[in-house]
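To start, the structure under review is shown below, and the notes come after it.
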Amino acid sequence: MTLPAFFADAPRVVMYDPLAEFLGAAEGGLIEYGYADAVKLAGHSCPTVAGAYLVTLRALCRLYGDRPPERGAVRVSFRDGQTDGVTGVMAGVARLLTGATQEDGFKGIAGRFDRRRLLVFDADCDGEMAFERTDNGARVEAAFHGEIVPADARMRELMQAVLVGMAGEAERLEFGRLWQDRVRRIVVDHADDPRLVTLR
């Protein structure tokens, strides 16, 4: 499997998962996630996947500071409905990192480790998303502003040519290169840009 090299340059997060610790799946319950994990989950790399990844990381960092965020102990809420726009894609990435699920999630063991009802849609949020710790109620609202990292001017024309089957191999490859270059600028060059991910 060959992935773009910049995936390894994106920020990473180490989560503490008490369920993984309990079941012996990870020493100390510590599990590290990188951007490539989000890409494998979504099946593609795009500004939405990159944005959801950065928003989740930045929100968890705000909620937990220098401590590893606790997986399964964060409620993730979305202002929009599950099938609205790109909400479902963003929710998938947030679910991967936080362990938050709806009714289809892990039910727990003897009253512990229940991951259900931690993923909420059509919620009362000022931002696009909200993250709330279940242990102390600390909450942060977040929004992604991908427009501050614009696409290359050639992208639209190349995309149309590829979609209708009029692009040659060189044009197809150039489209993919330009597409991933924008993702790289988002998830690497602007990873810490306060204009890209706003928290409140």
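Just the residues that are β-branched (V, I, T), outside any loop (DSSP other than H, G, I, E, B) and over 12 Å from the mean Cα position of the chain (by Cα), please, taken from the range 1-45.
Answer for the range 1-45, where residues must be β-branched (V, I, T), outside any loop (DSSP other than H, G, I, E, B) and over 12 Å from the mean Cα position of the chain (by Cα): V14, I31.
Tell me yes or no: at least one residue of the range 78-85 is at pLDDT 95 or above, of a type in the set (V, I, T) and under 12 Å from the mean Cα position of the chain (by Cα). Walk me through it before giving the result.
Initially, the range 78-85 is screened for residues at pLDDT 95 or above, giving 78-85.
The next check asks that each one be of a type in the set (V, I, T); those that pass are 83.
Now restrict to residues that are under 12 Å from the mean Cα position of the chain (by Cα): none.
No, there is no match, as no residue in the range 78-85 is at pLDDT 95 or above, of a type in the set (V, I, T) and under 12 Å from the mean Cα position of the chain (by Cα).
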request  = Could you tell me which numbered condition A153 fails, if it satisfies all but one of (1) surrounded by 15 or more Cβ atoms within 10 Å (Cβ to Cβ); (2) in a loop (DSSP other than H, G, I, E, B); (3) among the hydrophobic types (A, V, I, L, M, F, W, C)?
outcome  = (1)
ask   = Of the residues that sit in the range 9-52 and are of a type in the set (D, E) and surrounded by fewer than 19 Cβ atoms within 10 Å (Cβ to Cβ), which one is nearest to R185 (Cα to Cα)?
value = D9
task = From (1) surrounded by fewer than 20 Cβ atoms within 10 Å (Cβ to Cβ); (2) touching a residue at least 24 places away in the same chain (Cβ under 8 Å); (3) over 20 Å from A42 (Cβ atoms), pick out the condition that doesn't hold for G72.
result = (1)
task = Can you tell me which residue within the range 133-146, out of those that are in contact with a helix residue (DSSP H, G or I) (Cβ under 8 Å, 6 or more places away or on another chain) and not in a strand (DSSP E or B), is farthest from A52 (Cα to Cα)?
result = A138
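Just to be sure, is R62 basic (K, R), touching a Lys or Arg at 6+ places or on another chain (Cβ under 9 Å) and not in a loop (DSSP other than H, G, I, E, B)?
Values: basic (K, R): yes; touching a Lys or Arg at 6+ places or on another chain (Cβ under 9 Å): no; not in a loop (DSSP other than H, G, I, E, B): yes.
So R62 fails the test.
From the set of residues in the range 99-124 that are surrounded by fewer than 17 Cβ atoms within 10 Å (Cβ to Cβ) and among the hydrophobic types (A, V, I, L, M, F, W, C), which is nearest to L199 (Cα to Cα)?
Pass one, the range 99-124, residues surrounded by fewer than 17 Cβ atoms within 10 Å (Cβ to Cβ): 102-104, 106-112, 114, 116-117, 122-124.
Within this subset, residues satisfying the condition of being among the hydrophobic types (A, V, I, L, M, F, W, C) are 106, 109-110, 123.
Details: F106: 29, I109: 34, A110: 36, A123: 17 Å.
Residue satisfying both the conditions and the ranking: A123.
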Per-region count, the range 100-132, residues part of a loop (DSSP other than H, G, I, E, B), small (G, A, S) and under 15 Å from A52 (Cβ atoms) = 2
request  = Consider only pairs whose beta carbons are under 6 Å apart and that are at least six residues apart or on different chains; among these, list those whose first residue lies in the range 180-199 and is under 14 Å from A52 (Cβ atoms) and whose second residue is modelled with pLDDT of 95 or more and among the hydroxyl-bearing types (S, T, Y).
outcome  = V183/S45; V187/Y35
note = Given the conditions (1) under 20 Å from V86 (Cβ atoms); (2) of a type in the set (K, R); (3) in contact with a strand residue (DSSP E or B) (Cβ under 6 Å, 6 or more places away or on another chain), every one holds for R184 apart from (3)
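The values are calculated or read from the model by the stated rules, or taken from the named source; none is laboratory data. As the structure is a prediction and not an experimental result, all values here were calculated from the model. Here the Cβ is made from the backbone with ideal geometry for all residues, glycine too, and neighbour counts use every protein chain on show.
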